[in-house]
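Below is one structure, written out as structure tokens; comments come after it.
The values are calculated or read from the model by the stated rules, or taken from the named source; none is laboratory data. Please read all numbers here as calculations on a predicted model, not as lab measurements. Cβ coordinates were reconstructed from backbone atoms using ideal geometry, including for glycine residues, and neighbour counts include every protein chain displayed.
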Amino acid sequence: MTQAALITGITGQDGAYLAQLLLQKGYAVSGLLPRRSSDTLWRLRELGIEGDVNLIGGDVSDLSAVLRAVKESKAAEVYNLAAQSFVGTSWQQPLLTAQVSGVGAANVLESIRLTDPAIRFYQASTSEMFGLIQAEKQDEKTPFYPRSPYGVAKLYAHWMTINYRESFGMHASTGILFNHESPLRGIEFVTRKVTDAVARIKHGQQKELRLGNIDAKRDWGFAGDYVDAMWRMLQQDKGDDYVVATGLTTTVREMCRIAFAHVGLSYKDYVVIDPQFFRPAEVDVLLGNPAKAQRQLGWTAGTSLEQLITMMVDADMRRVGG
């Protein structure tokens, strides 16, 4: 019998890569599709899987829609990747962020509990929950101190997942994922903003790149590697919490250097610091310790930052030149 999975946020970067991975493993894949913007399917199209997934209309902020999707998909595994996922936007839209990124997860958990508590659940937690870091390297035991409405909403979802696991014995896991990027990353995220600008500057379509705090440090990995960790969590005997990261941290400045150098340019000639891109409360350093995921899941990040950034620049060079 074919294993069935439901992915909320299937049209996002992680959702698309996870759908691709599950299809390769022989799953019947369904996805919850909110009708919020014009073309949300471009990532599925880019991976060549748009016709291979079953899309169910609905939004995680609507409990009845989630219930219907869980039942209709006949899922044995549910991956909750739906979120208002851009940190910057969360200060402008804190209540929407709370509803989608926070309460949305509770709606999925409650839908599983009401339908079949044996369904395995994955919650996309985030390193942004660590925020004002309380330890040099963050692992599953590091205290949380979120510094954005996004981080706060995700922390609610994270603790609800643990609460359902402990209250109802559900197989519910959280992946505390550090920054993960790809050619499918949204243009508003700094890595993709940089690689897209590099391509436009190289093609003569843009003169400069305006950024905020380029000395902020992040632990960046490849989204295609990270969705494998999600799947591995739901194959374990019981639910648990895992930090998923590379264990290396790099400045935005260094990431810019790699991206510009790949097309023979110097970032110093094009990057302009613009105060409007500074966060109201900055997270200066994020650095994950993935030892538990390596030990228990047999997972490691297989793509270096150089490989990731050059992959993204090459994809944007094709798009801009295309």
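One line per residue, one yes/no per condition, for (1) under 28 Å from LEU81 (Cα atoms); (2) of a type in the set (Gly, Ala, Ser); (3) modelled with pLDDT of 95 or more:
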site: TRP231; (1), (2), (3): yes, no, yes
site: TYR242; (1), (2), (3): yes, no, yes
site: THR246; (1), (2), (3): yes, no, yes
site: GLY264; (1), (2), (3): no, yes, yes
site: LYS268; (1), (2), (3): no, no, yes
site: GLU282; (1), (2), (3): yes, no, no
Strands (runs of 3 or more DSSP E) completely within the stretch 205-322 that count 1 or more residues being touching a Phe, Trp or Tyr at 6+ places or on another chain (Cβ under 9 Å), buried (at least 20 other Cβ atoms within 10 Å of the Cβ) and β-branched (Val, Ile, Thr): 241-244, 271-273
For the stretch 7-53, name all the residues that are over 26 Å from ILE187 (Cβ atoms) and either outside the structural domain of MET230 (by TED's automatic domain parsing) or of a type in the set (D, E, K, R) (or both). LYS25
Condition met for ARG165 (closer than 30 Å to GLN307 by Cβ and either part of a loop (DSSP other than H, G, I, E, B) or at pLDDT 95 or above (or both)): no
From GLY151, GLY58, GLY88, GLY131, residue being assigned by TED's automatic domain parsing to the domain that holds LEU21, at pLDDT below 95 and in contact with a Pro (Cβ under 9 Å, 6 or more places away or on another chain): GLY131
